[in-house]
Amino acid sequence: MIFPKEILESTTYCFDFKNDVKSKAIFSITCFIIIVGLAITPFVKTDIYVSANGIIKPNMERRSLVSPVTGFLKNYELKDNLEVIVGDTLLKLDDSRIAEQIQKIEAEGKIVKDNLADLNYLIFAKVIDRRKLLLPTNRTNYLKFEQKLRELDLRLSQSATILERQSKLYTEGVISLAEYQKITFENDLLKNEKELLLKDQKFIWESERKSENQKLLDFENSLITLQRNLNEFYLLAPISGTLFNVKGFEAAGYINAGEVIAEISPSTELIVETYISPGDIGLITVGGSAKYQVEAYNYNQWGLASGNIIEISKDLEVINNSPVFKVRSSLDQSQLSLKSGFVGHLKKGLSLRARYHITERTLFDLLYDKLDDWLNPAQNQVENQKTQ
């Protein structure tokens with residue numbers, strides 16, 4: 001049967017004839033692209049990251065500043081956001097009582113040192129000049145000793161003269177042996193008395209020197225203790241940083257020991273601190289690279305900051321009823337910049353999104369994992385519950 005042209009153009013036979021070659025070509029190209037795409041998936045790799053919210057902070061925690069002792073304020077000029085350097089005097093309390101004790105002990109110690117110098121001179125000098133003694137009491141005492149010594153020397157001189165005369169008389173037989181021995185005995189007594197006087201006086205000086213040495217040692221120990229106590233009346237900055245939460249005190253106000261005065265945020269190297277869930281912590285290792293999207297600076301315009309993982313907590317913490325591991329990482333940049341040259345500084349307290357590089361995987365692996373999630377949803381749900 002022969003149909004008119006108008007009818008034939010509306011049949012499927014005519015439609016297939018007109019479109020068969022083009023449709024097959026498109027279908028073939030599409031299939032080829034899909035096959036090639038699947039074929040190269042084992043060879044195309046991509047970086048895998050674990051991300052978490054974090055914050056920029058110093059690598060040291062804030063420290064509380066407390067008053068070391070109880071007392072009255074001598075000066076107080078602290079205020080919030082005050083920059084301090086380690087060793088700066090932040091607080092001074094009234095230390096007049098301790099200072100008076102130190103002055104008293106130093107004055108007494110000076111007397112002890114002068115007395116020791118005099119005693120060493122008296123003990124070891126071969127010829128003693130009373131005028132070289134430092135303390136008036138020592139000059140007076142030595143003068144009394146000299147007078148006793150001169151009296152003994154005078155008596156010894158007289159006794160020696162008598163003994164010499166009596167010796168001649170005894171030799172000539174004028175006096176008896178008993179009388180001669182009596183004079184000799186008296187002379188020996190005077191010699192012994194002088195020798196005993198010298199020994200006793202030296203013993204007194206040596207005993208006094210020993211006592212003064214001990215007293216000087218006690219004074220020095222007392223000074224060390226008082227100086228240490230004096231240092232406690234000054235509060236020095238333990239680290240360099242910025243003061244926060246400074247309490248207001250009036251001049252000459254009273255403050256108790258252990259009372260918190262302020263907090264100091266250290267001016268140290270900045271780090272990034274994040275908290276990672278137990279399900280993501282397994283492949284994160286110390287030394288791994290990290291990239292940071294700082295929320296204050298749009299990363300499409302400012303770019304990303306970078307760093308490396310420096311510490312992973314060995315035990316989990318519970319924050320907001322969720323178990324997490326604390327991860328600390330370095331921050332390689334101190335600022336980000338626009339193409340125009342405008343600079344944005346990275347400082348303490350800025351929040352960010354950290355992306356930790358854990359591995360490289362092929363597109364085939366990712367596709368396989370995705371298919372596995374689709375085909376085994378129940379198994380995947382069980383594994384997620386286990387990690388939680």
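The values are calculated or read from the model by the stated rules, or taken from the named source; none is laboratory data. From a predicted model like this one, the values you see are computed outputs, not experimental measurements. Note that each Cβ is placed from the backbone with ideal geometry, even for glycine, and that neighbours are counted across all protein chains shown.
For region 59-112, which fully contained strands (runs of 3 or more DSSP E) count at least 2 residues that are over 17 Å from the mean Cα position of the chain (by Cα)?
71-75, 89-93
Name, by its number, the condition in (1) assigned to a helix (DSSP H, G or I); (2) surrounded by 13 or more Cβ atoms within 10 Å (Cβ to Cβ) that does not hold for R228.
It is condition (2) that R228 fails.
Could you say whether any residue in region 283-295 is under 30 Å from the mean Cα position of the chain (by Cα) and assigned to a strand (DSSP E or B)?
yes
Can you say whether L65 is surrounded by 14 or more Cβ atoms within 10 Å (Cβ to Cβ) and either farther than 15 Å from V246 by Cα or in contact with a His (Cβ under 6 Å, 6 or more places away or on another chain) (or both), as far as the supplied structure shows?
For L65, the condition - surrounded by 14 or more Cβ atoms within 10 Å (Cβ to Cβ) and either farther than 15 Å from V246 by Cα or in contact with a His (Cβ under 6 Å, 6 or more places away or on another chain) (or both) - is not met.
If you check K168 against the conditions, is it assigned by the TED database to the domain that holds F145, of a type in the set (D, E, K, R), more than 30 Å from F124 (Cα to Cα) and part of a helix (DSSP H, G or I)?
Here the answer is yes, as K168 does meet what is asked.
For region 314-326, what are the residues that are of a type in the set (S, T, N, Q) and in contact (Cβ under 8 Å) with a residue 12 or more places away in the chain?
Result: S322, single match.
Confirm whether L243 is more than 30 Å from E100 (Cβ to Cβ), in contact with a strand residue (DSSP E or B) (Cβ under 7 Å, 6 or more places away or on another chain) and not in a loop (DSSP other than H, G, I, E, B).
yes
Inspect all residues belonging to region 279-287 and state whether any of them is surrounded by 14 or more Cβ atoms within 10 Å (Cβ to Cβ), at pLDDT 90 or above and within 21 Å of Y49 (Cβ to Cβ).
No: region 279-287 contains no residue that is surrounded by 14 or more Cβ atoms within 10 Å (Cβ to Cβ), at pLDDT 90 or above and within 21 Å of Y49 (Cβ to Cβ).
Answer yes if at least one residue in region 135-145 is among the β-branched types (V, I, T), under 20 Å from S211 (Cβ atoms) and without any contact (Cβ under 8 Å) to a residue 12 or more places away in the chain, and no otherwise.
Yes, because at least one residue in region 135-145 is among the β-branched types (V, I, T), under 20 Å from S211 (Cβ atoms) and without any contact (Cβ under 8 Å) to a residue 12 or more places away in the chain.
List, please: which pairs have Cβ atoms under 7 Å, are six or more places apart or on different chains, and start with a residue in region 327-348 that is free of Cβ contacts under 8 Å to residues at least 24 places away in the same chain and end with one that is outside any strand (DSSP E or B) and surrounded by 11 or more Cβ atoms within 10 Å (Cβ to Cβ)?
Q335/L346; H345/S334
Just need a number here: residues in region 101-112 that are more than 15 Å from N221 (Cβ to Cβ) and either outside the structural domain of P136 (by the TED database) or not charged (D, E, K, R) (or both).
Within region 101-112, residues that are more than 15 Å from N221 (Cβ to Cβ) and either outside the structural domain of P136 (by the TED database) or not charged (D, E, K, R) (or both) number 3.
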